Structure formats: structure tokens, C-alpha cells
Amino acid sequence: MSRTFEFVALLVVDTLAAAISCLVYLRLRYGPQFDWLGIVTPQGTTVYPLYVVISLALYWIVIFIFFGMYRERHASSRFDELVSLTKVVTIGVLVLVFSIFTDTLQAGASRSIIFGYWGAVLGLTAVGRIGVRSVQKVLTLRGYGTHRALVVGWTDQLERLYRDVARYPAAGLRVVGAIRLGHKGGVPPGGSNEEDSQVLAQEIEVRTIEQLPQLIDELAVRDVLIALGSEDHKELDEVLRLCDGKHVTLKVVPDFYSVIGGMARTEHIYGLPLIEVLPVPMPAWEQSTKRLFDLVVSLMILVAGLPLWFVVGLVVRSTSKGPAIYRQERVGKTGRVFTMYKFRTMRQDAEALTGPVWATEDDPRYTAMGRWLRKTRLDEIPQLWNVLRGDMSLVGPRPERPYFVEKLTGKVPLYNRRHRVKPGITGWAQVMWHYDASLEDVRQKVKYDLFYIENMSLRMDFKILFRTIRAVVSGGGQ
């Protein structure tokens, strides 16, 4: 089942479940008075069932989106999904109770009606989703909608891992390639290991470690399965480095858990034990809240300060040659290049002779107005448009230019891991460090960025925003 078909199917069954549940609620609430054309309440007001059905259906769709119920759950347990569904439906009904139902229900009948509605929403939605997941599982067993996977390991492990994956078709993984690291511990070629390797090479693409990024792109790989031992630190570091910037999920066999520690979570996919490496720690509801917060704050600042931003643009334009808004290509989430906007703070020909170079704290290329904008960080205001468009977030690793990304990827370990999340206007590295004046500064900032990515939360975002505001008010901006 394709991702699009899965989303549409879930959307349809959830909408039907919400609509039917609403009819159940109206029937419980008004009994014999129920009429499609309208219900006259004891207070003399009229309730129109069709309007209520549409409104509550849209409400539940928004709730499910907010809590990540439409995110891809490839080959996940139906029981786990039911547990998540129970939590979300309970929260959704409580919101309705305290915002709407409390004022309309009679005290004596409210408890049974609320529990009846809760049971209808949960039961009907669960039945619909179990039906979709059951069809999805049948299609997966027949080879439809599987994830293309690549295995990485020593020569004498590849055959075993390849057969283990094939033994669990319900896991939805299809191995299409392998990265051979040679024979572990100096075991010489020959015997059954060499024969197994030749058999494997006839069935899938087998390459060397240097060809890992190329193989991921060529075979459209979604999952990389790593079969390494607890002492193979160097090999794992190399695999992680080569997978940086690739839109793939990394999973290792369980015996490697001691190396990656808290950077992983264990999962069993229909009997196939795997450990996912570097999952995004922020839960779905926090991600939705983070995006909503980005939209509300950005829109408020842009609209409320529109006269000021207009004046700033006029001053920038009149005090130095060049446009008021500076446009520059930057690298965003998953390596996608986008156009970032800023108030221009430097001369128009700032890099005419030098080419791309980093700005420094006392950079002579700053204009007089630009130096003040940098100090107050008002030069970043146009990036709120990037936030509204979804290119950036208020908080995240700062986006870098493609020129520097290409230059630094080979010099700074795990540099591309910064691209796992949306870049931000401000970030942990910005409030904890200074300008990038050397390669060592970049390495230090990458450490801060990786710390933020592995510990993302709304609490940390608010902490970074508070420190940023404090720096701006105190004049400590950079």
C-alpha cells in the first residue's frame, strides 16, 4: 500500500467514524426528538445535525493530525496503534466536554452520554483503522508497499542478516543491496562464507563502504540495517558519516545496543528485532505545537511590526547601495536548498573579491545600519517569512550556504546530521557560542546543534528563545 493510499484510506475511515459517532451522540442526547432537518432544544434553540456532524468530523481530523495519527506507521503493531488511539480519543472527548458539552448536557444524563460518545468514537475509529491496517498487512505480505532496505556488515554476517529479513515478510522490508566490509577478525576468504557471499551477490547489489551513499540513491533505499558487533566503533562511525544527509532510517541488530546507548529505541517488527538509531525525540504533539507556535508568533511579529519593518527597509536602502532585503541560498531539512531572506547588513559587493567567507564580529564589510541590525538581530526579521513558508523554524540549527556545507561535510564529523530537522532563526549553538571564525568554531557549534537535535523539546525551545531575547535586550546579539 502506497503512502498516499494509506493516508487517504485512514482519512476516509476516520471521517466516517466521526460522522457516525456524532449521530450516536445526537441520538443519545435528544432521543425521539432527533430529526435530520433540525432539533428544537428545551431552551428554544435549534440544532442542525448536518452542521454538527461536519463540524465534529473536522474537529477529529484536526485532533488526529495534531497528535500524529497520520504519520507513517510502517509495519507497526495494530495493538500499539490502538493504545495511541485510545489516548488521543480520550483527550479529544475531554476537550469537547470542557469546551462545549458541559453547557449543553443535563446533569443527570451527562455521564452516560459522554461515555457513549467516547465509546462510539473509539470503537468505530478502531474498527476502521484495524481494517485499513489488515489490508495493508495482506498487501505487504504480497510484496506491495515494502521498504527497500540495504544491509551493512562483515562478509560472514551479510548472508545471515539477509535471510533473517526474508524470514519475516510481515516486517515490510525488502533487501535490495548490501555493503560488504570484508572478513571480520582477519578470517581468510574461502569456505562457506565465500560461497554465501557469491550467492548473495547474485541476488542483490553488493558494494563496498565507499559506495554507500551512491547505492542508497541508486536503489531508493529507505532503511539501512547494520550488522556490527559491540566493538566495531570505527565502522559504525563511518556508516553514520556516510548516511548523513540521506533520508534513510538506520537500524542495527540488538547486540550493538551498548554502543549507542540512549541514542536508540528498541522495536520488534513482527518478530524481527531491530534497534532504530537516532530517532527524532520530539513526540508528534510537540512537533505540531512547535509548528503552530512558529506560525502564530511569526505572523504576529510581521503584522504588528509592519510599519517598523517598512522603515528599517527604507533606512537600509537609503544608507547604502543595494536592495533592502538580501536573498541567499541555504541548505535546509534533508538537504533541500531554499532561499533565505534577511535585511542587508553588508555592502552590496561584500564578497566580490573574496568569494564566500564567514562574517566576523567586527567585520569591516558591515554598513553602519547593518552593524546595528546585527547587534539587535533585527536583520533576521525577514526570515519569519521563511518560517511561515515552512522552510525554517523559530528554533533550530542555523542554515548554512551550500558552498560551506560541501566544504565542511568532509572535515567535520556528523555535520550533515544537522539537516535532520528544520533550521532555525536562533538555536542552541547561537546562544552558547560566538561567530564562526575557524574550523574549530564550526566543530564546537556542531556539537551544540547535535545536542539540541537529540534533546529537542518545547521546553528547550522556550529556553533558547528566552536566552535569545535576553541577549537582544542586553545588546549581546551577534
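The values are calculated or read from the model by the stated rules, or taken from the named source; none is laboratory data. All values reported here derive from a predicted model rather than from experimental measurement. Note: ideal-geometry Cβ built from the backbone for every residue, glycine included; neighbour counts use all protein chains shown. Remember, those area values only see protein heavy atoms, side chains included, never the ligands or the DNA or RNA. Shrake-Rupley method; radii C 1.70, N 1.55, O 1.52, S 1.80 Å.
One table, with the values for the structure above:
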quantity	calculated
Residue selected from the stretch 302-320 under the condition part of a helix (DSSP H, G or I) and touching a residue at least 24 places away in the same chain (Cβ under 8 Å), by the criterion surrounded by the fewest Cβ atoms within 10 Å (Cβ to Cβ)	T319
Restricting the stretch 321-341 to residues that are assigned to a loop (DSSP other than H, G, I, E, B) and over 21 Å from the mean Cα position of the chain (by Cα), the residue that is surrounded by the most Cβ atoms within 10 Å (Cβ to Cβ)	A324
Selection count where residues are crowded, with 22+ Cβ neighbours inside 10 Å and not β-branched (V, I, T), scope the stretch 384-399	8
From Y448, Y452, Y366, residue being of a type in the set (F, W, Y), within 26 Å of V311 (Cβ to Cβ) and surrounded by 16 or more Cβ atoms within 10 Å (Cβ to Cβ)	Y366
Some residue of the stretch 260-278 being under 29 Å from M456 (Cα atoms), part of a helix (DSSP H, G or I), at pLDDT below 55 and out of contact with any strand residue (DSSP E or B) (no Cβ under 9 Å at 6 or more places or on another chain)	yes
Sole residue being at pLDDT below 80 and within 30 Å of L250 (Cα to Cα), chosen from R148, R142, R129, R73	R73
Tally, over the stretch 391-417, of residues that are free of Cβ contacts under 8 Å to residues at least 40 places away in the same chain and among the small types (G, A, S)	1
Matching residues, the stretch 1-30, being hydroxyl-bearing (S, T, Y) and surrounded by fewer than 15 Cβ atoms within 10 Å (Cβ to Cβ)	S2, T4
Flag for M456 being over 22 Å from K234 (Cα atoms), modelled with pLDDT of 85 or more and outside any helix (DSSP H, G or I)	yes
Residue within the stretch 8-17 that is within 30 Å of A170 (Cβ to Cβ), touching a Gly at 6+ places or on another chain (Cβ under 6 Å), modelled with pLDDT of 90 or more and small (G, A, S) present	yes
Those residues of the stretch 404-425 which are over 14 Å from the mean Cα position of the chain (by Cα) and open to solvent by 50 Å² or more (accessible area, probe 1.4 Å), in sequence order	E406, K407, G410, K411, P413
So S457, is it surrounded by fewer than 16 Cβ atoms within 10 Å (Cβ to Cβ) and of a type in the set (S, T, Y)	yes
Residues that are modelled with pLDDT of 85 or more and either out of contact with any helix residue (DSSP H, G or I) (no Cβ under 8 Å at 6 or more places or on another chain) or part of a loop (DSSP other than H, G, I, E, B) (or both), drawn from the stretch 343-370	R344, T345, T367
Checklist (1) at pLDDT 75 or above; (2) outside any loop (DSSP other than H, G, I, E, B) applied to P32, failing item	(1)
Count - residues of the stretch 76-121 that are modelled with pLDDT under 85, of a type in the set (G, A, S) and assigned to a helix (DSSP H, G or I)	3
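The rows are residues; the columns are (1) open to solvent by 90 Å² or more (accessible area, probe 1.4 Å); (2) assigned to a helix (DSSP H, G or I); (3) modelled with pLDDT of 75 or more; (4) in contact with an Asp or Glu (Cβ under 8 Å, 6 or more places away or on another chain).
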residue: E195; (1), (2), (3), (4): yes, yes, no, no
residue: Q198; (1), (2), (3), (4): yes, yes, no, no
residue: A201; (1), (2), (3), (4): no, yes, no, no
residue: V206; (1), (2), (3), (4): no, no, yes, no
residue: Q211; (1), (2), (3), (4): no, yes, yes, no
residue: L215; (1), (2), (3), (4): no, yes, yes, yes
residue: V221; (1), (2), (3), (4): no, no, yes, no
residue: I226; (1), (2), (3), (4): no, no, yes, no
residue: G229; (1), (2), (3), (4): no, no, no, yes
